[in-house]
Amino acid sequence: MIILGINDRVRHNTAAAVVIDGKLIASLEQERISRIKNDKAYPLEAIEEVLNLAGVSAGEVDVVASSNLPYKDQKPSFDRFLKQLAKAGKSDPYFRYDSLKKRLQRFRRGFQPRRKLPGVLAEKPVQPVEHHLAHAASAYYGSPFGSERVGVITLDGVGDYSWGSVWVGDRGKLQLLDYLPSLSSIGLLYSAVTVNLGFKASRHEGKVLGLAAYGNPEPFLSRLMEHTRADSWEELFDPTLARVALRFSRRDGQAVIKRLSEGLSREDVAAGLQTYTEQLICDWLQQQVRKMKVSKLTLAGGVFANVKLNQRILELPEVENIFIHPNMGDGGLSAGAAFEVYSRLQDGFEPQFHEQVYLGTEINRKNALAAINASGLSYEEPENLAGSVAQLLAAGKVVARADGRMEYGPRALGNRTVMAACSDPSINQWLNKKFVRTEFMPFAPVILEEHAKEYFPTWQEDHFTARYMTITYDVSEVAKKNIPAAVHVDNTARPQVIRREDNRDYYDIVSEYNKLTGVPSVINTSFNMHEEPIVRTADDALRAFQAAKLDALILGPFLLHLNA
């Protein structure tokens, strides 16, 4: 059975995916094609590309799964949201304004499907999937825990009037336990502070996370807690913080954040927010785990892009293991919707682990050579490419790699990656300058699996989520000595633990580098210029290579030098 999944949200990250017989075959976000970060355009090109990648025609698609609920299906969640507004309105007249409800009605209409599917796809049956159910399905059906009973948690900013949900995944089916109302969204609060600190919401929350390690959480933490009912997640925020959740980027919400952060440094505000997020979510998750009687969690939603939070969750005594969907944000909704529809049609199915996340556009010998010839750049084709690149890295050179199929999700995992030695801490300044980036967290390291325990003592072989750079670990003294450029000021790092069976060519480069230097790790940062998506095609890679003035580029089987 062939299912085409589509995320057609008007806010950001539209995408498409193909699931065949329960296996995710291809997935792509529209931004990678349009080159517009977080693109919200209808994913026409993404649909065409994933069908091509999956080797199927539009006519062969059996069902279309959409993560966009029709107007009529939104009514229960919208009514629940209005009831929450009414509760808040008992103590704050702001929530009783008739004009507010009118604005919300317009907002609701803006989430309707914007157009019909193209061509023969318009004739296919369409099954809608609620936002958080799509997130939950992405986490559960792509997890490594098989038919085990697991907890499934979704947390983000807001989707279909909720900011989170709780499910039990058991024997191939999802059972809903709870939805979390959006007026208590920690995700939206995090975005509000992100905006207040001068960054862009839904894009730069990671900068706030990195900045947090430099600050003191007090008194911003206490100021937030004064407006928080930690014992009631149905009404977690009092009307003051609820105003932030309702209008996080507007004057109303920003005025609240400005007042709460008065007199504090950016670092202290970030630290207070991060600590607040970790404490509240971890305390709540402990309760959920006990209620569900599970020891393993599968997680999705943009909140779980917070790698430090994920570390804290894994450290909870009640939690044996976690799995975070590699494309945890809205870019993963198309895959999640397809999984959910397949499960409906099959009356459930056992999760199939994402062993491979290279699901996007392919760079191969043919299209790499065509792009190089069109550029007029010279190149070589080394007999031992891994060995040649390792020598460059050992000599302090910066090498980009664009080869094979593009990664699924926000992290570069070797196929659209920039590599460098981890020995020089100053690289975080000068390499970010090359890419016109402003970051407060160091670059992530990729490390050979057989050495991971030596560098990250609490890492375990069954920590599958560490393969996708979605969690931090406390580092060892060996790591501080050998890879200081990848270690944050709080002595953590967010590794990609790589096995040869996951990405042979990428693994071999790191292995050859280890033979030369005795260090089984190099820096891995995404191959893109500032405010651009990760490169997709060979042409994209060549443009970024020249713009950033990197030392060398692996493009398919070829090696290019900047000054050659």
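The values are calculated or read from the model by the stated rules, or taken from the named source; none is laboratory data. If you're wondering where the values come from, they're calculated on a predicted model, not measured in any experiment. Glycine gets a Cβ as well: all are built from the backbone with ideal geometry, and neighbour counts include every protein chain shown.
Among the residues of segment 312-348, the ones that are buried (at least 24 other Cβ atoms within 10 Å of the Cβ) and hydroxyl-bearing (Ser, Thr, Tyr) come to 2 in all. Within segment 532-553, one or more residues are small (Gly, Ala, Ser), more than 25 Å from the chain's Cα centre (by Cα) and crowded, with 17+ Cβ neighbours inside 10 Å. For the criterion of being under 17 Å from residue 395 (Cβ atoms) and of a type in the set (Asp, Glu), residue 505 fails. In segment 55-65, the count of residues that are surrounded by fewer than 19 Cβ atoms within 10 Å (Cβ to Cβ), closer than 22 Å to residue 358 by Cβ, in contact with a strand residue (DSSP E or B) (Cβ under 9 Å, 6 or more places away or on another chain) and not β-branched (Val, Ile, Thr) is one or more. Evaluated against (1) part of a helix (DSSP H, G or I); (2) touching a residue at least 40 places away in the same chain (Cβ under 8 Å), residue 76 falls short on exactly one condition, (2).
One line per residue, one yes/no per condition, for (1) outside the structural domain of residue 63 (by TED's automatic domain parsing); (2) in contact with a Lys or Arg (Cβ under 7 Å, 6 or more places away or on another chain); (3) not charged (D, E, K, R):
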| position | (1), (2), (3) |
| --- | --- |
| 254 | yes, no, yes |
| 282 | yes, yes, yes |
| 288 | yes, no, yes |
| 312 | yes, no, no |
| 337 | no, no, yes |
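The set of residues in segment 456-475 that are part of a helix (DSSP H, G or I) and either in contact with a Ser or Thr (Cβ under 9 Å, 6 or more places away or on another chain) or under 13 Å from residue 493 (Cβ atoms) (or both) comprises 464, 466.
Checking each residue in segment 6-41 for being surrounded by fewer than 24 Cβ atoms within 10 Å (Cβ to Cβ), β-branched (Val, Ile, Thr) and closer than 18 Å to residue 343 by Cα picks out 20, 25. Put simply, of 525, 537, 470, 458 the only residue that is among the polar types (S, T, N, Q) and farther than 17 Å from residue 417 by Cβ is 458. Counting the residues of segment 476-527 that are out of contact with any Gly (no Cβ under 8 Å at 6 or more places or on another chain) and either outside the structural domain of residue 448 (by TED's automatic domain parsing) or assigned to a strand (DSSP E or B) (or both) gives 8.
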